[in-house]
Amino acid sequence: MSLTDTPSYPPLEERPLKDTICLFDVDGPLTHPRLPASPETLEILRALRQKCAIGFVGGSNFSKQEEQIGKPAGVPVTTLFDFCFSENGLTAFKLGQALPSASFIGWLGEDKYKELANFCLHYIADLDIPVKRGTFIEFRNGMINISPIGRNASTDERNAFEQYDKEAKVREKFVAELRQRFGHLGLNFAIGGQISFDVFPIGWDKTYCLRHLENEAKKPNGIAYKTIHFFGDKTYPGGNDYEIFTDERTIGHTVTDPEDTIRQLKELFDL
Ligand code: M1P
């Protein structure tokens with residue numbers, strides 16, 4: 001089968017493991033950071049989807065997942081997964097249909113947001129780091145993403161910043177300061193990728209997506225997912241996969257990269 005052929009899948013209720021779902025973080029488990037998914041990854045997802053439900057749960061916004069997974073497959077990303085959870089599930093789709101979403105600005109309010117954004121922009125302006133690019137705050141539906149180097153950094157620049165940050169701990173210090181000043185607002189600060197960190201209300205971490213699955217069970221003839229596997233790379237305390245990885249509703253798997261995910265899926269599901 002070529003990458004652009006559209007395979008067919010049994011309806012969710014007819015899959016052999018119908019009350020099982022596998023959820024994948026995107027950067028790390030399915031793709032190398034910010035890069036496209038490989039044909040091998042797309043192939044294993046297709047094979048797995050014949051057996052059980054599959055979904056992704058990424059911190060990034062939907063357009064990034066479209067670019068990293070949908071584009072290399074040559075089809076919309078919503079056709080490749082049963083459930084798509086962008087921004088931790090604040091933007092969500094089931095079989096291509098949008099599920100209810102929630103808004104960060106609606107939750108926080110303009111005034112508090114302005115205070116937070118102003119503080120961050122001043123803080124970044126005063127940072128003496130080797131390279132600065134553009135888009136220091138990315139405003140998303142369910143969160144904001146803050147990057148000291150800026151989201152316009154190239155792949156080489158982001159790799160260099162990641163290395164630099166391991167020693168300089170720019171993000172760790174920034175987050176510690178934000179926790180002190182803005183922690184009372186009920187905000188969580190999560191370092192998930194290479195150059196940035198996410199800011200969202202406490203509880204709007206990746207466990208947020210589980211409420212969509214719980215809602216499925218309440219629908220007429222809906223499926224109650226009893227076995228929820230989660231595959232993530234930042235599963236340690238402070239990592240943005242930690243909460244869902246340790247949640248009692250999931251079975252957590254730590255993976256190092258897409259090749260490791262493929263290896264573990266083959267073993268677990270006999271693919
Ligand atoms: O999915 C992990 C993170 O990926 C990106 O992080 P960075 O650009 O720092 O590598 C961001 O989209 C971030 O929101 C997300 O949590």
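The values are calculated or read from the model by the stated rules, or taken from the named source; none is laboratory data. The model shown is predicted, which means the values in this text are computed figures rather than measured ones. Glycine gets a Cβ as well: all are built from the backbone with ideal geometry, and neighbour counts include every protein chain shown. Calculation scope for accessible area: heavy atoms of the full protein, side chains included, ligands and nucleic acids excluded. Shrake-Rupley method; radii C 1.70, N 1.55, O 1.52, S 1.80 Å.
Taken together, the residues in region 8-17 that are out of contact with any strand residue (DSSP E or B) (no Cβ under 8 Å at 6 or more places or on another chain) and either free of Cβ contacts under 8 Å to residues at least 40 places away in the same chain or open to solvent by 70 Å² or more (accessible area, probe 1.4 Å) (or both) amount to 5.
Hey, can you tell me all the residues within region 5-28 that are in a loop (DSSP other than H, G, I, E, B), out of contact with any Gly (no Cβ under 6 Å at 6 or more places or on another chain) and either within 16 Å of the ligand (Cβ to nearest atom) or within 15 Å of G55 (Cα to Cα) (or both)?
Pass one, region 5-28, residues in a loop (DSSP other than H, G, I, E, B): 5-11, 15-19, 25-26, 28.
Narrowing further to those that are out of contact with any Gly (no Cβ under 6 Å at 6 or more places or on another chain): 5-11, 15-19, 28.
Residues satisfying the conditions are Y9, P11, R15, L17, K18, D19, G28.
Within region 13-35, being over 21 Å from T91 (Cα atoms) and in contact with a Lys or Arg (Cβ under 7 Å, 6 or more places away or on another chain) holds for R15, P16, L17, D19. The residue of region 170-193 that is most open to solvent (accessible area, probe 1.4 Å), among those that are within 15 Å of the ligand (Cβ to nearest atom) and at pLDDT 95 or above, is E172.
The residues of region 60-76 that are within 16 Å of the chain's Cα centre (by Cα) and open to solvent by 10 Å² or more (accessible area, probe 1.4 Å), listed by number, are S60, N61, F62, S63, K64, E66, E67. Please determine whether any residue of region 115-136 is on the phi > 0 side of the Ramachandran plot and within 14 Å of the ligand (Cβ to nearest atom). Yes, some residue in region 115-136 is on the phi > 0 side of the Ramachandran plot and within 14 Å of the ligand (Cβ to nearest atom). When each of A37, A92, A47, A102 is tested for being part of a loop (DSSP other than H, G, I, E, B) and under 24 Å from H253 (Cα atoms), the lone residue that passes is A37.
Here Y208 qualifies as within 19 Å of K64 (Cβ to Cβ), aromatic (F, W, Y) and away from the ligand (no atom under 11 Å from the Cβ). Summed over region 31-55, the residues that are near the ligand (Cβ under 10 Å from one of its atoms) and open to solvent by less than 40 Å² (accessible area, probe 1.4 Å) give a count of 1.
Within region 22-34, is there a residue that is over 20 Å from R263 (Cα atoms) and out of contact with any strand residue (DSSP E or B) (no Cβ under 9 Å at 6 or more places or on another chain)?
No: zero hits.
Checked against the criterion of being modelled with pLDDT of 95 or more, within 16 Å of the ligand (Cβ to nearest atom) and either under 25 Å from K234 (Cβ atoms) or out of contact with any helix residue (DSSP H, G or I) (no Cβ under 6 Å at 6 or more places or on another chain) (or both), the candidates F85, F93 yield just one match: F85. Every residue in region 225-239 that is farther than 15 Å from D82 by Cβ and either more than 20 Å from the chain's Cα centre (by Cα) or open to solvent by 20 Å² or more (accessible area, probe 1.4 Å) (or both), please. Correct list: K226, D233, K234, Y236, P237, G238. You will find that of T79, T155, the residue that is within 12 Å of the ligand (Cβ to nearest atom), surrounded by fewer than 17 Cβ atoms within 10 Å (Cβ to Cβ) and in contact (Cβ under 8 Å) with a residue 12 or more places away in the chain is T155 and no other.
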